[in-house]
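Read the structure below first, then the notes.
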Amino acid sequence: MELKQAGQKLLDYAKPEWRMFAATITLFMAGSAVEPLIPELFKRLLDSGFKAGDGYPLWVIPVTVIGLFTIRGLLVFMGTYTMNSATSAMTLSLRRDLMRALLKADAKLFTAISPGVAVTKIINDPQAASSALGGSMISILKDGTTLICLVAYLFYLNWQLTLLAMISMPLLGLTVKLVQKRLNKVGEAQYQSQQRLVTSVDDNARAWRVVRTFDAADFELQRFDAEALHHRRMTIKQVVASNLVSPITQILASVGVAIILTLAILQAQHDQKTVGDFTAFIMALLLAIRPMRTVTDLYQPINNALIVARGSFEMINAPEEPDNGSQELAACTGQVRFDNVVLQYEGAAQPALQGLNLDIQPGQTIALVGPSGAGKSTVVSTLLRFANPTSGQITLDGTPIDDLKLANLRKHFAVVSQDIVLFEGSIAQNVAYASPLGIDRAKIEECLRAANLWNHVQTLPEGMDANIGTNGSKLSGGQRQRLAIARALYRDAAVWIFDEATSALDSESEAVVQRSIESLRGSKTLILIAHRLSTIKNADRIYVMSDGKVVEQGTHSALLAESGLYAGMVRIQSAS
């Protein structure tokens, strides 16, 4: 996306706030209109020779000066308030769209960006873009309108000298244009480097145990230092490029002022202008230099805002998760069928699933086993449509899952995996997570009892209202796993998937989870994926997978009798 397109998109977010922007423009223009009255006041004082009794009492002068500055200050304050109100509304709208895009994005997005970068794009980038743009707009409106009013007043005083002053404007424009290309390149490099810094910090915050276990603190610090140094270099280059504008502007402006000042003195010597005219002109000209310099210095913050905004809009424009289904299953018995399913990930040398066939009946407990990379977890991904088969068909209760709306499809599944994800909040909030039923405390207690977690909850002073910390940091591994089971129980889905749900647990916690699984047998369709074969030996049917296809199937005893791959896996685990 080009920066121009990013600017147009930002304008789209500004349109709903047009009333606030209109009020801002009006207030700043009114405040700017006060500016020329200050040199005009001095002109009249000088031309009258500071004589008393010229039609107004002495107290009028200080009151007028204080009044002019007070009015201008109030108008600028109100304009700044309305502008920030408008830009904060833009920030809110942009954040909402970014969060909506993240929640609906295709799974490919989550392999392209880290969680830390996603946080930055949603929380920091909209604020940075809106603040920079809002600040620049305030400067444009406040200083730009002031400059316009002062230039108009200068034309009123002496149009010849004012035209001469305008000669320097094309030179200023040329200076900005020369710096623009350099700023675009360096600004983009600085932004990308900042994203990599965020990723580095995010990785180390999440994986601090791994870093310390591997004694990798110095290694990670070196990597961070290298990126931080690169970011500093890009920042310095950006500052150098942008700040070249200011001294060049001041030099060009000073040359113009010197020439104009000389000509103004010559005019005054030939009695073409009064002392008041001369003083007012010079004063207005000097007052115009500051807003002119401010306006010419605005390119960098505007450019930075557009670079940041472009990153946000690229995320908003990321492809959404495809949802072309139109049908819904009001109720589900839990029949799942894979018919010759082939799935090959983009760029992969060979398919992850190769002609997979599974026939799972309602209430049946089946297990998927096999070596790592056999395709077991890919089965889960295809069932939930996180990955789409290249060919073949998957049905739920006889209906192709591609024909079902995503939300309807997924509500019939409850998944408990080894990578437990819990949310900041209470135990009750996590059990009833996103449930249309809301928080039913009686049902929550029932689910916690069924998941063998109620005894622990009763030991907590706040009971089920106790906060579990970030991702359940206040709970043990087994407690987190059981809380995930309670959450799935509250969902009351027809098909349950346990994806390596006991792989990280000790024997006692594993036994508790196994009891929870056994309590569901017959009432739910259960799909068990496990390396620990003790977890799945009671399954109605075991499918042994290798290279994306089923190579053996049967009961535990039947597969042992075949002395094949499954029997070999059992022997290895029994020996260890």
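The values are calculated or read from the model by the stated rules, or taken from the named source; none is laboratory data. All of these numbers come straight from a predicted model, not from anything done at the bench. Using ideal geometry, Cβ is built from the backbone for each residue, glycine included, and neighbour counts are taken over all protein chains shown. Just the protein is used for accessible areas: all its heavy atoms, side chains included, with ligands, DNA and RNA removed. Shrake-Rupley method; radii C 1.70, N 1.55, O 1.52, S 1.80 Å.
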Taking the Cβ of Phe28 as the centre, find all other residues whose Cβ is under 13 Å away and add up their charges (Lys, Arg: +1; Asp, Glu: -1). 0
Does anyone have the angle between helix 60-104 and the longest principal axis of the chain? Alpha-carbon axes, 0 to 90°, nearest 10? 20 degrees
Prolate/oblate/rounded call for the range 368-432, Cα gyration tensor, a/c under 1.5 rounded: oblate
From the square roots a ≥ b ≥ c of the eigenvalues of the alpha-carbon gyration tensor of the range 3-46, which class results: rounded (a/c under 1.5), prolate (a/b over b/c), or oblate? oblate
A 1.4 Å probe over the protein heavy atoms gives the chain a carbon and sulfur accessible-area percentage of 59 percent
Could you work out the helix-only [θ] at 222 nm for the chain, with each DSSP H run of four or more residues adding -39,500 (n - 2.57) and the total divided by the number of residues, to the nearest 500 deg cm²/dmol? -19500 deg cm²/dmol
Kindly sort Asp277, Asp218 by accessible area of their heavy atoms, largest first, with the probe set to 1.4 Å. Asp218, Asp277
What distance in nm separates the two pseudo spin-label positions at Arg532 and Leu263, each 7 Å out from Cα along the beta-carbon direction? 9.0 nm
Under 5 Å between amide hydrogens, which residues at least 5 positions from Gly370 or on another chain qualify, with H placed 1.01 Å from N in the peptide plane? Met545
Eligible aspartates and glutamates near Lys142 by straight Cα distance, threshold 16 Å, same-chain separation 8 or greater: Glu35, Asp297
Within the range 358-394, what residues put their amide N at less than 15 Å from the label point 7 Å along the Cα-to-Cβ vector of Asp540? 358-368
Reachable lysines, given that their alpha-carbon falls under 21 Å from the alpha-carbon of Lys524 and they are not under 8 places away in the same chain: Lys376, Lys411, Lys443, Lys537
Using the heavy atoms of the protein chains alone and a 1.4 angstrom probe, what is the accessible area of the range 382-436 per residue in square angstrom? 43 Å²
Mind checking the angle between helix 18-34 and the chain's longest principal axis? C-alpha axes, 0 to 90 degrees, to the nearest 10. 20 degrees
Taking the Cβ of Lys108 as the center, what net charge do the other residues with Cβ under 10 Å away carry, scoring Lys and Arg +1 and Asp and Glu -1? -3
Starting from the Cα of Lys185, draw a straight line to each of the lysines and keep only those under 24 Å, dropping any in the same chain fewer than 8 residues away. Lys4, Lys9, Lys121, Lys177, Lys237
Stretched out fully, how many nm does the piece from Val255 to Asp403 gain, at 0.36 nm a residue minus the Cα gap? 45.9 nm
Answer with a single label: of [x] 35.2; [y] 23.8; [z] 37.3, which was calculated as mean projected area of the Cα convex hull in nm² from the structure in view? [z]
Ala205 to Ser574: FRET efficiency via 1/(1 + (r/R0)^6), r the Cβ-Cβ distance, R0 45 Å, to the nearest 0.05? 0.65
In nm, give the distance between the simple-model label positions of Asp323 and Lys108, each being 7 Å from the Cα along the Cα-to-Cβ direction. 1.9 nm
Computed from the beta carbon distance with a Förster radius of 56 Å, FRET efficiency for Phe42 and Leu384 to the nearest 0.05 stands at 0.15
In degrees, nearest ten, helix 168-206 long axis to first principal axis of the chain (Cα): 30 degrees
Treat each spin label as a single point 7 Å out from the Cα along the C-beta direction, and report the Lys4 to Glu220 distance in nm. 4.5 nm
Modelled FRET efficiency - R0 25 Å, Ala442 with Ala330, Cβ distances, 0.05 increments: 0.50
Let me check something: with ligands and nucleic acids excluded, how do Leu37, Leu358 order by accessible area (1.4 Å probe), largest to smallest? Leu37, Leu358
